[in-house]
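**Q** Can you read through this structure? Questions will come right after.
The values are calculated or read from the model by the stated rules, or taken from the named source; none is laboratory data. Just so it is clear, the model here is predicted, and its values are computed rather than measured. A quick note on method: Cβ atoms are made from the backbone with ideal geometry, for glycine too, and the neighbour counts reach across all protein chains shown.
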There are 2 protein chains.
Amino acid sequence: MSYVDADACRAWQLLVKFFFGEREYLSLGEEFELSPVQCHLLHLIEPERPLPMGRLAQTLACDASNVTGLVDRLEARGLVQRRQSPGDRRVKVIQLTPTGSRVRTQLLRRATSASRPLARLSAAQQRSLVKILEALVDEPA
Amino acid sequence: MSYVDADACRAWQLLVKFFFGEREYLSLGEEFELSPVQCHLLHLIEPERPLPMGRLAQTLACDASNVTGLVDRLEARGLVQRRQSPGDRRVKVIQLTPTGSRVRTQLLRRATSASRPLARLSAAQQRSLVKILEALVDEPA
DNA sequence: TATTGTTATACTCTATAACTATA
DNA sequence: TATAGTTATAGAGTATAACAATA
């Protein structure tokens, strides 16, 4: 590890710690009995904006067969629905059910609620963090 | 989502995206055929500083039985070793093998190497990010 | 009795390969 | 032929409960 990487290295370890340690991320969906990936999938589907399964596989960076199982379980619980895409009958789009939409809102609220670290950051720190993360994930506001 | 949470919410979604999307985190251990959790476990054990299994379970925020399996697989690959703790014979401490230590160094280097987003941040941004993350994970420098 | 780690079991997550239906 | 999604299969990650060894 050369000296120039010191901050990047430390940032990396802190990011990993944030996600894996302290149950910060892992416990998020606990009260809804949702796994981390299930939470992420729900986050990806905005209400009124269904997504094709292939797109989900791409964003989740996993195999398509995997998405089948994920959607199976979420659908069985009434949180999402498969629908035929009108344009291409091979494609299935996934949309939130009303229940799924409600759960998604609660999840987002919980992720950033007062008892959680993100909410304990100052407003300036939050803005600063957003800015840096946008550069990080290459997604300009 | 009330207006006061907007930045925290956005930060949260960006953090999730950073980890789950773009294969940023998931692909880290790929060339070593290590899963994300295996990478994390290796990061936790510093060379010359073995850790008790119970401590690993605590930090990984998972059940002890899970650590047994994780260590089994890493040990089978010659990356870590179980050792009896001298003080308490119920306790087993996990230490890196020389190979494990080498792999750990390479992992950390890869996580922050030039081709990766963290290294593309400016020095000021990196320092700022570290500071915020320290507040986030409640770990003062 | 309480604690550390293991074993048995079950379910989810994940990938690869073979398959179906559509394009 | 190529693509979207499913099914079959196998291995890894996860938790709960029962257990052995030690404290």
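**Q** Please find, within segment B:40-54, the residue that is nearest to DNA strand D (Cβ to nearest atom) out of those that are surrounded by fewer than 18 Cβ atoms within 10 Å (Cβ to Cβ) and under 13 Å from B:Ser101 (Cα atoms).
**A** Among those residues, the one meeting the criterion is B:His43.
**Q** Show the residue pairs that are 6+ apart or on different chains and have beta-carbon atoms under 7 Å apart, the first residue being within segment A:56-71 and at pLDDT 95 or above, the second being of a type in the set (Val, Ile, Thr) and within 7 Å of DNA strand C (Cβ to nearest atom).
**A** A:Leu70/A:Val37
**Q** Give me the residue from segment B:72-85 that is assigned to a strand (DSSP E or B) and in contact (Cβ under 8 Å) with a residue 12 or more places away in the chain and, out of that set, farthest from B:Arg102 (Cα to Cα).
**A** The selected residue is B:Arg83.
**Q** Follow-up question, since we're still on this one. Identify, by number, the condition in (1) within 16 Å of DNA strand D (Cβ to nearest atom); (2) part of a helix (DSSP H, G or I) that B:Asp88 doesn't meet.
**A** For B:Asp88, the exception is condition (2).
**Q** Which one of these is more than 10 Å from chain A (Cβ to nearest Cβ) and not polar (S, T, N, Q): B:Leu96, B:Leu129, B:Leu118, B:Leu133? Don't jump to the end; show me each part of the working.
**A** Details: B:Leu129 fails: more than 10 Å from chain A (Cβ to nearest Cβ); B:Leu118 fails: more than 10 Å from chain A (Cβ to nearest Cβ); B:Leu133 fails: more than 10 Å from chain A (Cβ to nearest Cβ).
Criteria check complete, one pass: B:Leu96.
**Q** Go through segment A:59-69 and report how many residues are within 9 Å of DNA strand D (Cβ to nearest atom) and part of a helix (DSSP H, G or I). Spell out how you get there, then give the answer.
**A** Start the filter on segment A:59-69 by keeping residues that are within 9 Å of DNA strand D (Cβ to nearest atom), which leaves A:63-69.
Then keep just the ones that are part of a helix (DSSP H, G or I); that gives A:64-69.
The total comes to 6.
**Q** Counting only residues that are under 21 Å from A:Phe19 (Cα atoms) and within 8 Å of DNA strand D (Cβ to nearest atom), how many does segment B:70-79 have?
**A** Let us first name the residues in segment B:70-79 that are under 21 Å from A:Phe19 (Cα atoms), namely B:70-71.
Still in the running and within 8 Å of DNA strand D (Cβ to nearest atom): B:70.
Looking only at that region, the number is 1.
**Q** Residue under question is B:Thr105, and the condition is that it be closer than 27 Å to A:Ala61 by Cβ, away from DNA strand D (no atom under 13 Å from the Cβ), out of contact with any Lys or Arg (no Cβ under 9 Å at 6 or more places or on another chain) and among the β-branched types (Val, Ile, Thr); does it hold?
**A** Numbers: closer than 27 Å to A:Ala61 by Cβ: yes; away from DNA strand D (no atom under 13 Å from the Cβ): yes; out of contact with any Lys or Arg (no Cβ under 9 Å at 6 or more places or on another chain): yes; among the β-branched types (Val, Ile, Thr): yes.
Yes; evaluated as a whole, the condition is true for this residue.
**Q** Here's something else I'd like to know. Quick test of your reading of the structure: B:Val91 fulfils all but one of (1) in contact with a Phe, Trp or Tyr (Cβ under 9 Å, 6 or more places away or on another chain); (2) in contact (Cβ under 8 Å) with a residue 24 or more places away in the chain. Name the failing condition by number.
**A** If we test B:Val91 against (1) in contact with a Phe, Trp or Tyr (Cβ under 9 Å, 6 or more places away or on another chain); (2) in contact (Cβ under 8 Å) with a residue 24 or more places away in the chain, just (1) comes out false.
**Q** So which of A:Ala124, A:Ala64 is within 12 Å of chain B (Cβ to nearest Cβ) and surrounded by fewer than 13 Cβ atoms within 10 Å (Cβ to Cβ)?
**A** Values: A:Ala64 fails: within 12 Å of chain B (Cβ to nearest Cβ).
Within the list A:Ala124, A:Ala64, the selection yields A:Ala124.
**Q** Scan segment B:78-112 for residues that are under 20 Å from B:Pro47 (Cβ atoms) and among the small types (Gly, Ala, Ser) and jot them down.
**A** Correct list: B:Gly78, B:Ser85, B:Gly100, B:Ser101, B:Ala111.
**Q** Something else now. For segment A:84-106, how many residues meet the condition of being within 14 Å of DNA strand C (Cβ to nearest atom) and either surrounded by 13 or more Cβ atoms within 10 Å (Cβ to Cβ) or within 22 Å of B:Val16 (Cα to Cα) (or both)?
**A** Result for segment A:84-106: 4.
**Q** Here's a check for you: in segment A:20-33, which residue that is assigned to a helix (DSSP H, G or I) and surrounded by fewer than 20 Cβ atoms within 10 Å (Cβ to Cβ) is modelled with the lowest pLDDT? It would help to see each step written out before you state the result.
**A** The first filter runs over segment A:20-33 and keeps only residues assigned to a helix (DSSP H, G or I), leaving A:20, A:30-32.
With surrounded by fewer than 20 Cβ atoms within 10 Å (Cβ to Cβ) added as a condition, the list becomes A:30-32.
Working: A:Glu30: 80, A:Glu31: 83, A:Phe32: 89.
The selected residue is A:Glu30.
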